[in-house]
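*Asks:* Quick one: the structure is below, questions incoming.
The numbers here are math on the coordinates, done by the rules we state, and not lab data. All figures in this text were calculated on a predicted structure; none of them were measured in a lab. Heads up, the Cβs are rebuilt from the backbone with ideal geometry, glycines too, and the neighbour counts pull from every protein chain shown.
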Amino acid sequence: MAEKPDSVPAGPESPKVLNAGLAANDPKTSKACAMCNEPSTQRCKQCQSTRYCSTQCQKDDWPLHKLLCKSFENFRDTRPSTHHKRAIYFPETGDQPVFAWIYVEENGGDIYALVFGEGVSETPRNIAMDRMNFNCVLNRRLEKIIELKTFRDNMTRGKNQSLLKVNKELSESRRGPILAVGLEYSCNYSAVDLDPMDLRHIVDNLRVIYDRGKRLDQEGARSSIDGVPGVRINCMGDVFLSGAQYEAINIPASQRNTMSQYPTPICQHIGLPLVIHTIPPTLAWRGRHISPTGIPQRTDTNRLAKILVHSAAPLAGSVAVFRKDGRALLPGHLRALVDYSFATFDVRDVIGKDIFSIASKKTFLIYFEKWRAEELGGTRGDLVSPYDV
Ligand SMILES: [Zn+2]
Ligand SMILES: [Zn+2]
């Protein structure tokens, strides 16, 4: 199910599309869209810089893109000197990211003196550098390296207010100013200008870092006594970000009650009732739509969760699964239950019987023994039957 887009303001602030000027054989059209991996066919009319495959992708990008779009014209032809490069600056106290000219003095490599915006001059040794050359949300290499410079003493600085217009969560998780500088792919990493489209890559990257940090927090809370161990089934998008289909989680009981719930008929029938809760999209996937290119999207149906729920309705996004009886649900148990559910439906399709006359505690236990030997091999002794937890 497509997620609701962020609102696109009407009137003079709305994005305008320029279709003319980019013929199908123009090499520029083969460059990918800012929001997905489709080739771009149009550019934002106002900045004439950011590329899109469709009006939909342009609309999705607009809440972020509008922060830099209009000011770009003031940063096109006003370069103070050839030593200056166009950077994107996230001031600590400003109300949004801005373009900034930074003075770059290259010195036989990647060390340069720079002016850190707002008249603050910092020497490189006070600055931590984070290089990105890949957009994990799009699964695509960037056209240039983007280096994020933050102060090493950032924990003593205030929250980054300029990220408030991007995401409240990002603003609260980042302290001190951030300067983004472009570098070319070459042995001496010469500085290059950043463009409005680079804001999308920077923010995608900051969101992924935030989401991964949240995940680690949850891992840390797993041993907490408030709550029961459960399992998260990741949607395609989150599998891509975390690398795992099933993850052990522990969400406090108070939070679980606020989530929408789905019953699990087969599991209920075999005496292992589960409850499935949908999880709100992680930051990286918010405000994006299903794309025909097949980039991993959170909005795709979570087919593993859907087989447990046994419903025709689409079930999108990652889900949290717990046992109704309050006992621990282990990732191995859930994997076995999902595989057993698929097998039960396969048998139903062959013999045409009702799934509830095929599924039983007895058939599950037989299946589980075989599954454990096949899937876990020599370590199978470590996973007890879910009836014995
Ligand atoms: Zn697109
Ligand atoms: Zn624009």
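*Asks:* What is the set of long-range amide H partners of residue 248 at a cut-off below 5 Å, with H atoms built 1.01 Å from backbone N?
*Replies:* The list, which skips near neighbours in sequence, is 232.
*Asks:* Here is a further query. Straight-line reach from residue 306: which lysines have Cα under 29 Å away, leaving out those fewer than 8 places along the same chain?
*Replies:* Excluding near neighbours in sequence, the set is 4, 214, 324, 353, 361, 362, 370.
*Asks:* Can you put 129, 197 in order, fewest other beta carbons within 10 Å first?
*Replies:* Ordered by Cβ neighbours within 10 Å, fewest first: 129, 197.
*Asks:* Counting only residues 5 or more places away or on other chains, whose amide H sits under 5 Å from the amide H of residue 317 once H atoms are built in the peptide plane?
*Replies:* 300, 302
*Asks:* Using θ = phi - 60° and the Karplus curve 6.51 cos²θ - 1.76 cosθ + 1.60, what whole-Hz ³J(HN,Hα) does each residue of segment 187-199 get, with Gly and Pro shown as x?
*Replies:* With the stated coefficients, segment 187-199 comes to 5, 10, 6, 5, 6, 10, 5, 9, 10, x, 5, 5, 4 Hz.
*Asks:* Still on this model: Taking a threshold of 21 Å on the Cα-Cα distance, which of the pairs 45/144; 45/66; 70/165; 85/149; 144/168; 45/70 fall above it?
*Replies:* Correct reply: 45/144; 144/168.
*Asks:* Got a sec? How would 247, 374, 73 order by Cβ neighbour count within 10 Å, fewest to most?
*Replies:* Fewest to most other Cβ atoms nearby, the residues stand as 374, 73, 247.
*Asks:* Using θ = phi - 60° and the Karplus form 6.51 cos²θ - 1.76 cosθ + 1.60, what ³J(HN,Hα) does each residue of segment 35-51 get, whole Hz, x for Gly and Pro?
*Replies:* In residue order, the calculated couplings are 9, 8, 9, 5, x, 7, 10, 8, 10, 4, 6, 6, 8, 6, 10, 7, 9 Hz.
*Asks:* Measure off 7 Å from each Cα along the Cα-to-Cβ vector at residue 301 and residue 70, then give the distance between these two points in nanometres to one decimal.
*Replies:* Taking the simple label geometry, residue 301 and residue 70 are separated by 4.4 nm.
*Asks:* Using modelled backbone amide H atoms (1.01 Å from N, in-plane), which distant-in-sequence or interchain residues come within less than 5 Å of residue 84's amide H?
*Replies:* Here the answer is 104, since their amide H atoms fall under 5 Å of that of residue 84.
*Asks:* Then there is this: Which ordering of 82, 50 is given by a fewest-first count of other beta-carbon atoms within 10 Å?
*Replies:* 82, 50
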